[in-house]
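Worksheet for the structure shown next.
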């Protein structure tokens, strides 16, 4: 199975989300923010959640460089969902 097939199976063959679309996952809002790195795109997103009446925000940036914007969005979404699943509200704790 190629990388493209892997992502199609993982995301149901749907079109990759576009930046600025708000994607909901387990009560969190995800806004994709791919970074243009001069020919490649860097994994990046904003993760938001309202906790106790206050909107918390986390800048999600990884070192990955992906050749296409669409692939970058798919990989970013996969990584953000994994981080949310593993860390939950701890994403908003000071480093």
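Here, each number is a calculation from the coordinates, and none is a lab measurement. What you are looking at is a predicted structure, and each value in this text was computed from that prediction instead of being measured. Cβ sites come from the backbone with ideal geometry, for glycine too, and all protein chains shown count toward neighbours.
Table for the structure above
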{"read-out": "Checklist (1) assigned to a strand (DSSP E or B); (2) in contact (Cβ under 8 Å) with a residue 12 or more places away in the chain applied to residue 84, failing item", "value": "(1)"}
{"read-out": "Residue 49, sole failed condition from (1) closer than 19 Å to residue 88 by Cα; (2) under 13 Å from the mean Cα position of the chain (by Cα)", "value": "(2)"}
{"read-out": "Count of residues meeting criterion [touching a residue at least 12 places away in the same chain (Cβ under 8 Å) and either surrounded by 15 or more Cβ atoms within 10 Å (Cβ to Cβ) or within 17 Å of residue 26 (Cα to Cα) (or both)] in region 39-56", "value": "12"}
